[in-house]
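Quick notes on the structure that follows.
The values are calculated or read from the model by the stated rules, or taken from the named source; none is laboratory data. Only a predicted model underlies this, so the values are computations on that prediction, with no experimental measurement involved. Note that each Cβ is placed from the backbone with ideal geometry, even for glycine, and that neighbours are counted across all protein chains shown. Ligands, DNA and RNA are excluded from the accessible area calculation, which covers all protein heavy atoms including side chains. Shrake-Rupley method; radii C 1.70, N 1.55, O 1.52, S 1.80 Å.
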Amino acid sequence: MCAAKLHEHERGLLVQGVVERVLEFSLEDDFNTRSHNMAFVMQDLSQIMNQPSHIFNLNPSDDQGEWMFSDESEAQACVWPAALRTICRFADEVPFEDVRNSLRSFLLDITSDIERHSPGLCMGIQIPRSWLSLGSKICFLPEPKAGGPSDEIIHRIFIQQGKITHFHRVMRWHPQYLEKFHATFHESLHSQGQLLVAWRHFLCIMAAARHSCGYLLEMSIREFLKCEGSDGSWLAGLSNLPSKLANIAELNALLAHQPWLITRSHMEKLMRGGDAWSAAELGQALIIMVTFHSLCGLVWALGIQQDSDSLSPHISQSLLKRASQHVVVKEHKVWNKEIEAAMHEEETVDDSPDDITKPFAVSIVESESDKDFVPAPAMTPQSRLGFLGEVAANVRGKYAIVYEDFDVKSKDYHVFRAGQWSWAENGFETVRHVFPAVADLLDAEFEHVYNMTDGTINLVDTGTTAPFRHAVWFYTHLLFGIIHDDYNYQMINKLLPKKIKHLIKRTVCHPEMSKPSQLDDLDVDLQANEQVHVLLLATEAKKQAALLFGLRAIAGYKTDL
């Protein structure tokens, strides 16, 4: 090993040690203690970085004096640039302003000369331009207000995970929802439970693979490989998995695409024999898989990209543009008098429909043929994912199931009538028996997103938003064959313009085909946080729908024993 490379490797190890101390001190609540510790950390960082560097040299043959890597391959192989990227991330997301400002000052100090010659280039790290021009304003996404609910939940997530993901940042628009979602998420993946932690994270990989979601695949693979008992060979295919874990692949595929096909026999196959799943294990696995299936829709629709240890969140530019606009649009597109009048019509009906096909006939979006959702082979999400795409194909296995429109006249399956097996009366109780720690948390998550409102649409006071929210929820359930006998399904066509229906259907049925550009024109003016709200309603409704089918099958099998 050459001397220069060894020197930079040693520098990297030193910076890594400091990074660990930064994380440790960032979790200290007391301001004086934190500031005292950070002062010593910054001194250490400055001493490390002020040592002679062999990575960047002024190229004497370049008249412009550009800063260049003396050996780019060696530079990229060094440890310390990765550690500095982590400092960049901490400077962006640590939930203490004093820590963020200290780290930002340090980064600007060491990059000022390089920034002058090559803007944005510093040891392979892109410094967010907004730091240089906008002070503490990092991006258009909402910053947590000191002492506010967003600040508190972001602080808690950082302490528990040591990281704030791009998903968490987007959810700052809805901090109370984020708090409830995170409570369920953390309990399912990180707290006590029947499943090994490595298995939980591999289930996340399997679930994200169904919709080729690179963001969730990358995050889940990283978490999986850190777990005790993980095995990297599992990523090469289901045949490398313990047979018990591999056996759940079919259920994963059905939950993601056609949950109405799940029957008691699927549960019997999993819960009997030498590699049997217990009801508690299967309940936890079920919740993990449906959570990640629904998250795929949110990630694809918003254009959330992988978390790299640097920059501000990468999400849909159209969403960011809308987030930066805080003006009331006085001229609506299709949010007109007819729709506003429908907001005050009766949502419920007294009797169950005599013809079970009626809700589907009046509400389902004009049929979009399968070809509308199948891209050319060269453009498939999997082909764009590289290694992650290979992993997705490997862990999907032989189950080439995709979403197909629910056929209300099918003789192979039947409409799911929520009045006969509902979340409140049956689903919740089943979760309480198989995974009691998460039952109340999940119920609170569903209830909050269903009722969440500020009473306005596009900053206009509409008196109530409940009919619009309910239309999104019940339309999503309808896409998966669930009907509510007391709901007036004619309301859906009155309240949801065609483009909103298309957005919902793609998000929950074909997430990998979703495009953030769909948010640019929805036939109705919505603020950025309201667009996220619509997507949350749809993805949470899908989660509940898939969960109902799975839980009913578990309960049915246990009843037959």
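Residues to consider are 543, 558; find the one that is basic (Lys, Arg) and under 18 Å from the mean Cα position of the chain (by Cα). Talk me through it step by step, then tell me what you get.
Working: 558 fails: under 18 Å from the mean Cα position of the chain (by Cα).
On inspection, the qualifying residue turns out to be 543.
Taking the criterion of being over 12 Å from residue 544 (Cα atoms) and open to solvent by less than 10 Å² (accessible area, probe 1.4 Å), the residues of segment 290-300 that qualify are 292, 296, 297, 298, 299. Of all residues assigned to segment 479-495, none qualifies as being open to solvent by 40 Å² or more (accessible area, probe 1.4 Å) and without any contact (Cβ under 8 Å) to a residue 24 or more places away in the chain. For segment 509-553, the set of residues classified as modelled with pLDDT under 95 and of a type in the set (S, T, N, Q) consists of 514, 517, 518, 527, 529, 531, listed by residue number. How about segment 505-532: which of its residues are in a helix (DSSP H, G or I), of a type in the set (Lys, Arg) and open to solvent by 30 Å² or more (accessible area, probe 1.4 Å)? Within segment 505-532, 506 is the sole residue that qualifies. Residue pairs whose Cβ atoms lie under 7 Å apart, sitting 6 or more positions apart in sequence or on different chains, and linking a residue in segment 398-410 that is closer than 12 Å to residue 261 by Cα to a partner that is open to solvent by 60 Å² or more (accessible area, probe 1.4 Å) and not hydroxyl-bearing (Ser, Thr, Tyr), do not occur here. Collect the residues in segment 174-212 that are closer than 24 Å to residue 532 by Cα and either among the aromatic types (Phe, Trp, Tyr) or not in a helix (DSSP H, G or I) (or both), keeping them in residue-number order. Matches in segment 174-212: 174, 177, 181, 185, 210, 211, 212.
Contact annotation: residue pairs with Cβ atoms under 8 Å, 6 or more positions apart or on different chains, pairing a residue in segment 161-180 that is among the hydroxyl-bearing types (Ser, Thr, Tyr) with a partner that is in a helix (DSSP H, G or I), are 165/219; 177/171; 177/445; 177/448; 177/449; 177/536.
In the set 551, 535, only one residue is open to solvent by less than 20 Å² (accessible area, probe 1.4 Å) and more than 16 Å from the chain's Cα centre (by Cα); that residue is 551. Would you check if there is a residue in segment 260-269 being free of Cβ contacts under 8 Å to residues at least 24 places away in the same chain, within 24 Å of residue 560 (Cα to Cα) and in a helix (DSSP H, G or I)? Looking for residues that are free of Cβ contacts under 8 Å to residues at least 24 places away in the same chain, within 24 Å of residue 560 (Cα to Cα) and in a helix (DSSP H, G or I), one finds at least one in segment 260-269, hence yes.
Restricting attention to segment 226-257, the residues that are part of a helix (DSSP H, G or I) and either touching a Lys or Arg at 6+ places or on another chain (Cβ under 6 Å) or exposed (fewer than 14 other Cβ atoms within 10 Å of the Cβ) (or both) add up to 6. Remark: pairs (first residue in segment 411-436, free of Cβ contacts under 8 Å to residues at least 12 places away in the same chain; second residue open to solvent by less than 100 Å² (accessible area, probe 1.4 Å) and not acidic (Asp, Glu); Cβ separation under 7 Å; 6+ apart in sequence or on different chains) = 432/439.
Using the structure shown, decide if residue 143 is open to solvent by 10 Å² or more (accessible area, probe 1.4 Å), at pLDDT 90 or above, touching a helix residue (DSSP H, G or I) at 6+ places or on another chain (Cβ under 8 Å) and under 23 Å from residue 448 (Cβ atoms). Here the answer is no, as residue 143 does not meet what is asked. Here is the figure for segment 392-424: residues that are among the charged types (D, E, K, R), surrounded by 14 or more Cβ atoms within 10 Å (Cβ to Cβ) and part of a loop (DSSP other than H, G, I, E, B) total 1.
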